[in-house]
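Colleague: Dropping a structure here in structure tokens format, bear with me for questions.
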Amino acid sequence: MTFVIASFLPSENLIYWGLPLFSTALIAVAGFRGWRKHLHRRFFFRFNILWDKKSQPFCPGCLSPLTDWQKLSSWKFANLGSRTVRNRITYQAFLCRKCRKILRLTDEDGFELTFAQARERLRSPADES
Ligand SMILES: [Zn+2]
């Protein structure tokens, strides 16, 4: 009886297959990380998104080029005394079609930037203070 149970235990399989599989997985993970790092080295992160050396914008999530600069609108709630009022606000942002994400450009202080302003500041890092 004990012999039957022992033959079903995966102890031998673990040594013969587990170790190579484990090391293969490790190599795959390391390779993937290196690849991501390599991709990120081509870009730099600024104003909430990634840029390449030619000041082209890229999505930080999927690294696809951002081409959709859109004017969007949403509601902003504000407290006026005792009641809450709803104000319509418009803002501009990139829309990544791949991850369906809205990417707003913000500077180091959290202020919103337009695409033109962001590009302007990328080209002249000297006036940043
Ligand atoms: Zn994306």
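Colleague: Are any residues in the range 75-95 touching a Ser or Thr at 6+ places or on another chain (Cβ under 7 Å) and surrounded by 14 or more Cβ atoms within 10 Å (Cβ to Cβ), and if so, which ones?
Modeller: Once the filter is applied, which keeps residues that are touching a Ser or Thr at 6+ places or on another chain (Cβ under 7 Å) and surrounded by 14 or more Cβ atoms within 10 Å (Cβ to Cβ), the range 75-95 yields only Gln92.
Colleague: While we're on this one: May I ask you to list the residues in the range 80-108 that are under 10 Å from Phe47 (Cα atoms), away from the ligand (no atom under 16 Å from the Cβ) and of a type in the set (D, E, K, R)?
Modeller: Once the filter is applied, which keeps residues that are under 10 Å from Phe47 (Cα atoms), away from the ligand (no atom under 16 Å from the Cβ) and of a type in the set (D, E, K, R), the range 80-108 yields Asp107, Glu108.
Colleague: Go through (1) in a helix (DSSP H, G or I); (2) among the aliphatic types (A, V, I, L, M); (3) more than 24 Å from Gln56 (Cα to Cα) one by one and return the number of the condition Leu122 breaks.
Modeller: Evaluating Leu122 over (1) in a helix (DSSP H, G or I); (2) among the aliphatic types (A, V, I, L, M); (3) more than 24 Å from Gln56 (Cα to Cα) leaves (3) as the failure.
Colleague: Looking only at the range 68-108, which residues are assigned to a loop (DSSP other than H, G, I, E, B) and either within 16 Å of the chain's Cα centre (by Cα) or not polar (S, T, N, Q) (or both)?
Modeller: Answer for the range 68-108, where residues must be assigned to a loop (DSSP other than H, G, I, E, B) and either within 16 Å of the chain's Cα centre (by Cα) or not polar (S, T, N, Q) (or both): Asp68, Gly81, Arg97, Lys98, Cys99, Arg100, Arg104, Leu105, Asp107, Glu108.
Colleague: What is the one condition in (1) at pLDDT 90 or above; (2) within 16 Å of the ligand (Cβ to nearest atom); (3) surrounded by 13 or more Cβ atoms within 10 Å (Cβ to Cβ) that Phe45 does not satisfy?
Modeller: (3) is the only condition that Phe45 fails.
Colleague: For the range 17-39, name all the residues that are surrounded by 12 or more Cβ atoms within 10 Å (Cβ to Cβ) and more than 14 Å from the ligand (Cβ to nearest atom).
Modeller: We begin by selecting, within the range 17-39, every residue surrounded by 12 or more Cβ atoms within 10 Å (Cβ to Cβ); these are 18, 39.
Gly18 - this is the single residue of the range 17-39 that is surrounded by 12 or more Cβ atoms within 10 Å (Cβ to Cβ) and more than 14 Å from the ligand (Cβ to nearest atom).
Colleague: Picking from Leu50, Leu63, which residue would you name as being within 16 Å of the ligand (Cβ to nearest atom), in a strand (DSSP E or B) and under 21 Å from the mean Cα position of the chain (by Cα)? Quick ask: steps written out before the conclusion?
Modeller: Numbers: Leu63 fails: in a strand (DSSP E or B).
Only one candidate qualifies: Leu50.
The values are calculated or read from the model by the stated rules, or taken from the named source; none is laboratory data. Owing to the predicted nature of the structure, the values given are computational and were not obtained by experimental measurement. Ideal geometry is used to build each Cβ from the backbone, glycine not excepted, and the neighbour counts take in all protein chains shown.
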